[in-house]
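Below is one structure; the comments refer to it alone.
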Amino acid sequence: MKTNHELHPEYKLTVGIECHVQFKTKSKLFSGADNDAREAESNTLVNHIDFGLPGALPVLNKEAINLAIKAGYALNSRAQAFSKFDRKHYFYPDLPMGYQITQFDEPIIIGGYVEFYLDGELKRINLTRAHLEADAGKSIHPGGTDYSLVDLNRAGTPLLEIVSEPEIHTPAEARGYASELYMLMRYADVSDANLFYGNMRFDVNVSVSTTEELGTRTETKNLNSFRAVEKTVEYELNRQIGCLEDGEKIIQETRGWDDSKNQTYSMRSKENADDYRYMPDPDLPPVILSDEYIDNVLKSMPKMPGYWRQQLTKLGLDESIADSIILAEVEYLTKNLEYVIAKSEAGAKALANLIVNIEIPLRRQQEESKQPNISLSDADRHKLYDTVSSLISDNKLSSNTAKDLILKLLVASELPDDIEKYASSEGLIQNSNQDEILLAVQKVIADNPKAAEDVRSGEMKAIGFLVGSVMKLTGGKANPGLVNQLIKSELGLS
Ligand code: MN
């Protein structure tokens, strides 16, 4: 069945994304309470400031400012010399003060952009701004009861809200943007960025239009996976086109995402900015940052994904392979990047393929089964890869036997002294001894005159049978490329 967008391709999709990133400070944005709410019992990480008790005064956490400076760098912008905090009023049980402390008209970061590759094409999404604010608590609605519970452990956690320009035009771009933001926050080391724990939450604004003018948008809130971001955009695109085609109007509203039904649903109609009665927070002085202070914080910045992507693609790796390594690097901290880009082009390609096709899946698998992780040290792992790549280029390992060898040794407690000798004893080294293989080739040709004649007369399908017979005769150890070559030359084909 065709989707509404396939039936009505004249509709243009426009998406803007707001992302809330929880900073990994030790304490909260304005109080000394512990900030790590992941496993804590409800309402144990709360003090008088988080409760909003009368007279309690917020004190700004300097570390949150430092992390915002780093995030600004990762987002290709720079922290503002002047920013300030405002109160945003709304009434909800998980917001004890009756307002959220956020930044309204003077955010800490203005502008910037996020770049990523999609199907080999570089995309740039510009950012409007990123501002600091305090997270709210959580309302919990126990099933089968007529009451709700409030957990304030999360109240006051520092958030950076990153607001993109409405420059995203496909569901895949929305996903690409979200996953690049994830990598940037991980590399900048400002957040645990654990999506499961809600360390990064995406609000997705979607509208469709057949004219230059933007249509009415909906905002689907609190998405916590890249898949949900992509699926929400796809669902809203088709739902909105369906409504408009049926002569209905799009209602500006807040929606939620039902992951089991793969649908968005209506939550409430959208407040306008003036409903929030924004006002400067009189309890907090503005944040004034000197160039010197900002530069000092940025001194310790690690290299960003864009740098690594550029280095890796310069070596001839395609973007998807580069991205797989860059992403795995933050997940597993395997320190492969410096190692890979120090190689020559051919070496880097071979290494990248081994890491992406063998090591990363193995690490994922181990993570799922909760088995002990790869235990070799980084130095030993790199020694293993160096030996394997040179054995491949000497034709002593095929890509299959290389894989077997790596799988065996990555999980070993230590490397054998002589890796080649070990591979040989495991029967993994392929035979590239031309004289020995030639004898086997000659025997197979003599034993199979019909197949040999077929190959000679140009029926190349039969060569597979001959190669297979030689492999069988040599116990699977002959170098198949060499076998192929020798059969051809014996039959006068090359
Ligand atoms: Mn917000």
Hydrodynamic radius of region 437-480 per Kirkwood, over alpha carbon pairs, in Å: 10.3 Å
Which whole-number percent gives the relative contact order of the chain, counting Cα pairs below 8 Å spaced six or more residues apart? 13 percent
To the nearest 10 square angstrom, how much accessible area does Trp257 have with a 1.4 angstrom probe? 40 Å²
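What shape does region 187-311 have by the C-alpha gyration tensor, where a ≥ b ≥ c are the square roots of the eigenvalues, rounded means a/c under 1.5, and otherwise prolate means a/b greater than b/c and oblate the rest?
Working: a/c = 2.24, a/b = 1.56, b/c = 1.43.
Note, shape of region 187-311 comes out prolate.
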Whole Å is fine, so just give me how far the alpha carbon centre of region 174-243 lies from that of region 415-472. 54 Å
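Rounded to whole Å and ordered largest first, report the semi-axes of the equivalent ellipsoid of the chain derived from its Cα gyration tensor (root of 5λ).
Details: eigenvalues 621, 163, 86 Å².
Semi-axes, largest first: 56, 29, 21 Å.
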Sorted by accessible surface (1.4 Å probe, heavy atoms of the protein chains only), largest first, Tyr73, Tyr187 come out as Tyr73, Tyr187
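Which whole-number percentage describes the relative contact order of region 4-292, with Cα contacts under 8 Å and a sequence gap of 6 or more? Write down the numbers at each step before the final one.
Numbers: 637 pairs, mean separation 71.8, N = 289.
Averaging sequence separation for qualifying contacts and normalising by length gives 25 percent for region 4-292.
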For region 4-292, build the charge dipole from Cβ charges (+1 Lys, Arg; -1 Asp, Glu) around the Cα centre, then report which of Ile241, Ala64, Ala33 sits farthest towards its positive end. Ala33
Enter the angle in degrees (range 0 to 90, nearest 10) between the Cα long axis of helix 480-490 and the first principal axis of the Cα atoms of the chain, meaning the one along which they spread out most. 40 degrees
Give me the three principal axis extents of region 1-59 from the C-alpha atoms, as integers in angstrom, largest value leading. 58, 27, 20
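Just list whichever of Lys231/Lys370; Lys2/Lys261; Lys383/Lys408 have alpha carbons separated by over 21 Å in the model shown. Walk me through the numbers before you get to the answer.
Numbers: Lys231/Lys370 29 Å; Lys2/Lys261 19 Å; Lys383/Lys408 15 Å.
Violating the 21 Å Cα-Cα cut-off are Lys231/Lys370.
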Ratio Rg/Rh [Cα only; Rh per Kirkwood] for region 83-125: 1.29
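Between Asp435 and Glu414, what is the FRET efficiency for a Förster distance of 30 Å, r being their Cβ-Cβ separation, to the nearest 0.05? Intermediate results must be reported in sequence, preceding the final value.
On the way: r = 37 Å, r/R0 = 1.22.
That gives a FRET efficiency of 0.25.
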Ignoring ligands, DNA and RNA, what percent of the 1.4 Å accessible area of region 4-292 is carbon and sulfur? 49 percent
So what's the gap between the Cα centers of region 340-373 and region 92-170, to the nearest angstrom? 34 Å
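Grab the other residues whose beta carbon is less than 10 angstrom from that of Asp34, score K and R as +1, D and E as -1, and report the net.
On the way: positive: Lys26, Lys28; negative: Asp36.
Counting the neighbours of Asp34, the net charge comes to +1.
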Rounded to the nearest 10, the angle in degrees between the Cα long axis of helix 226-245 and the longest principal axis of the Cα atoms of the chain comes to 70 degrees
Whole-Å distance, taken between Cα centres, linking region 479-494 and region 28-56: 74 Å
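At 222 nm, what value in deg cm²/dmol follows for the chain if DSSP H runs of at least 4 each add -39500 (n - 2.57) and the sum is divided by all its residues, to the nearest 500?
Working: 18 runs with 197 residues, N = 494.
So the helix-based figure for the chain works out to -12000 deg cm²/dmol.
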Which percentage, to the nearest 5, of the DSSP beta bridges contained in the chain is antiparallel? 95 percent
Given a cut-off of under 8 Å on Cα pairs at least six residues apart, what relative contact order in percent is computed for region 434-490? 39 percent
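Specify, per residue and in Å³, the volume enclosed by the convex hull of the alpha carbon atoms belonging to region 98-219. Provide the component values of the computation, followed by the final result.
Numbers: hull volume 22.2 nm³, N = 122.
So the per-residue hull volume is 182 Å³.
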In region 322-434, what percent of the accessible surface is made up of carbon and sulfur (1.4 Å probe, ligands and nucleic acids excluded)? 46 percent
In a shell of Cβ-Cβ distance under 13 Å around Pro416, excluding Pro416 itself, what net charge do Lys and Arg (+1) and Asp and Glu (-1) give? -3
Which of the aspartates and glutamates could be linked to Lys70 by a straight reach, that is with a Cα gap under 12 Å, when you skip same-chain ones fewer than 8 residues away? Asp189, Asp295
So for region 287-418, what percent of the C-alpha to C-alpha distances run longer than 21 Å? 47 percent
Ordering Asp119, Asp50, Asp380 by accessible area with a probe of 1.4 Å, largest first, what comes out? Asp119, Asp380, Asp50
For the chain, what is the accessible area per residue in Å², given a 1.4 Å probe and the full set of protein chains? 50 Å²
Obtain the radius of gyration and the Kirkwood radius of region 4-292 from its C-alpha atoms and give Rg over Rh. 0.97
What is the angle, in °, between the Cα long axis of helix 434-447 and the longest principal axis of the Cα atoms in the chain? Nearest 10 is fine, range 0 to 90. 70 degrees
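The values are calculated or read from the model by the stated rules, or taken from the named source; none is laboratory data. Keep in mind the model is a prediction, meaning the values are calculated, not measured. Reconstructed Cβ throughout: ideal geometry from the backbone, glycine too, with neighbour counts over all protein chains shown. Accessible surface is based on the protein model in full, side chains and every heavy atom, while ligands, DNA and RNA are left aside. Shrake-Rupley method; radii C 1.70, N 1.55, O 1.52, S 1.80 Å.
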